Amino acid sequence: MKRKLAFALCTALALQLDLGASLVSALAQEQANPATNGEQTTIDKRPVIHPGGTRFGAYDPHGDFGAQSDVSTEALFLPWEDVDLASLQIADEYALQRNRNLLITIEPWSWSLDWKLTPAQLRDRMLRGEYDANMEAIADVIAGLKSPVIVRWGQEMEDTSGRFSWAGWEPQDWIRAYKHAMDIVRKKAPKAQIMWSPKGLPNLGDYYPGDDYVDLVGLSVFGLEPYDKIEYGAPRTFTEALKPGYDLVANYNKPIWVAEVGWEGSQTYMQPWMNAATQSDPQFPNLAEVVYFNDRDVIEWPHDLGRPNWRVVNEPTN
C-alpha cells in the first residue's frame, strides 16, 4: 500500500495525511500526557522572527505554523518508493496559499520496515540504476509543481551512527549516487534548486560532489539540554552548535541553510535558541534560512534520552 508523504497539516481544511508507520508521520507521534490537575498549560517555544534577519521555514506536520505569515519555506519528507506522489500536489497548493517555497527531502529508501535493505544492498541497487524509475517519477511530479522547489536528497550522508541506510558509505559511492539522482532532477525539473545537506561533521568534505551539483548547502543543528550536558559538559547555544559545521562549508561560497533545527530543554536553555535562530550574525554571513523540524524525533538519542520532542507547541508531562 502506498503511503502519503509528510508535510504540514492544513488546519483550515482539517487535512489529515495517513502515513501509517512512516518514520516522520505526525500521526505516529506519541501524544504528551495532560497535566495531572486537569489543566493543560501550553508551552510555546517557536523561534522569534527578527525583521530583516535570517529567513525562516518549517517542517510542520501539525500545522502549528499554518497561519504564520513570516514563514518562507514549507518543508516535507518523502521516501522514493511506496509513496503516493499525488500528495505533492496537495503540498504545492498548501504552499502556494501561503506564498512559501517547497523544500522536498527525498530519502532514498522505503519507510516501510518490511521493505528495508541493508546499507550495502541499497547502495548496490542504487548504483545499478534500479531506482532510476522512482527518481524519475518524483522529478516528473516536481516539474509540474507551481511553487519554487528545492530538492534535498540523501541528507546527513557523513554520519556513521546508523540512522540512515545511505549514510556512512564510501564517499565515492554516495557522490556517484547523488550525482545520478540530481542529473535526473536537472533533466526533468530544471527550475528546481538542489541542496547538498551534510549533518555538519568533520568528514563532510569527503562527500562534497562539486560546485556544479550544489545550489544550496544544508546543515542539521539540534539542541537537547541533557545531551549537551553529557557530551559537552554544559549547555550549548545555537551559535556554538552551528559554528563547527558552518565553518566547514563556508568556503564553498554557497548559500547555507540550517535545513533541520530544533531545541528542547528548560526555558532557560531554549530561550537563547529561540532568540538567536533568525537573528543576523556576522559570524554566519552566508546563512540564508533556518528550517524548524516541528515534530518528535524519529530516532532514539544516545544516553537513553529517548526521542526528543522538538515540536514548538506541546503539553508538559507533569
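In debye, nearest 20: dipole of region 86-128 around its Cα centre with unit charges on the Cβ of K, R (+) and D, E (-)?
On the way: 6 positive and 5 negative charges, 32 e Å.
Value, rounded to 20: 160 debye.
Excluding ligands, DNA and RNA, what is the solvent-accessible area per residue of region 238-318 at a probe of 1.4 Å, expressed in Å²? Write down the numbers at each step before the final one.
Details: 3300 Å² over 81 residues.
Counting only protein heavy atoms, the per-residue value for region 238-318 is 41 Å².
Do any GluC sites (Glu not before Pro) in region 129-162 lie in a DSSP loop with no more than 12 other beta carbon atoms within 10 Å, and if so, which? Working shown, then result.
Working: sites: Glu130, Glu136, Glu156, Glu158; in loops: Glu130, Glu156, Glu158.
Within region 129-162, the qualifying GluC sites (Glu not before Pro) (loop, at most 12 other Cβ atoms within 10 Å) are Glu130.
Could you tell me what a quarter of the Cα convex hull surface of region 101-142 works out to, in nm² with one decimal place? Display every interim value, and only then the final one.
Numbers: hull surface 14.4 nm².
Computed as one quarter of the Cα hull surface, the answer is 3.6 nm².
For every other residue with a beta carbon closer than 13 angstrom to the beta carbon of Val290, add +1 if it is Lys or Arg and -1 if Asp or Glu, then tell me the sum.
On the way: positive: Arg46, Arg55; negative: Asp70, Glu260, Asp281, Glu289.
Cβ neighbours under 13 Å give a net charge of -2.
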**OP:** With the full set of protein chains in place, find how many percent of the accessible area of region 68-210 is carbon and sulfur; take the probe as 1.4 Å.
**Re:** 47
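May I ask you to compute the full-extension gain from Thr118 to Glu240, defined as 0.36 nm times their residue separation minus their alpha-carbon distance, rounded to one decimal in nm?
Numbers: separation 122, 0.36 × 122 = 43.92 nm, distance 3.47 nm.
The Thr118-Glu240 span can extend by a further 40.5 nm.
Can you check what the net charge comes to around Trp169, using other residues whose Cβ is under 15 Å from the Cβ of Trp169 (Lys, Arg +1; Asp, Glu -1)? Don't skip to the end; give the middle numbers.
On the way: positive: Arg123, Arg125, Arg128, Arg163, Arg176, Lys179, Lys199; negative: Glu107, Asp124, Glu156, Glu158, Asp159, Glu170, Asp173, Asp206.
Result for the neighbourhood of Trp169: -1.
Once the convex hull of the alpha carbons of region 231-318 is built, what does its volume come to per residue, in cubic angstrom?
Values: hull volume 11.1 nm³, N = 88.
In region 231-318, the Cα hull volume divided by residue count equals 126 Å³.
Taking the square root of 5 times each eigenvalue of the Cα gyration tensor, what semi-axes in Å does the equivalent ellipsoid of region 170-318 have, largest first?
Values: eigenvalues 178, 58, 48 Å².
Equivalent-ellipsoid dimensions as semi-axes: 30, 17, 16 Å.
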Original post:
Do any trypsin sites (Lys or Arg not before Pro) in region 172-250 lie in a loop, going by DSSP, with at most 16 other beta-carbon atoms within 10 Å of their beta carbon, and if so which?
Top reply: Lys191
Original post:
Under 17 Å from the Cα of Lys116, which lysines turn up, not counting those fewer than eight places away in the same chain?
Top reply: Lys2
**OP:** Find the accessible area per residue for region 67-135; the probe is 1.4 Å, ligands and nucleic acids are left out, and the unit is Å².
**Re:** 41
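The values are calculated or read from the model by the stated rules, or taken from the named source; none is laboratory data. Fair warning: this is a prediction, and the values are worked out from it, not measured in the lab. A quick note on method: Cβ atoms are made from the backbone with ideal geometry, for glycine too, and the neighbour counts reach across all protein chains shown. We work out accessible area using only protein heavy atoms, side chains counted, and drop any ligands, DNA or RNA first. Shrake-Rupley method; radii C 1.70, N 1.55, O 1.52, S 1.80 Å.
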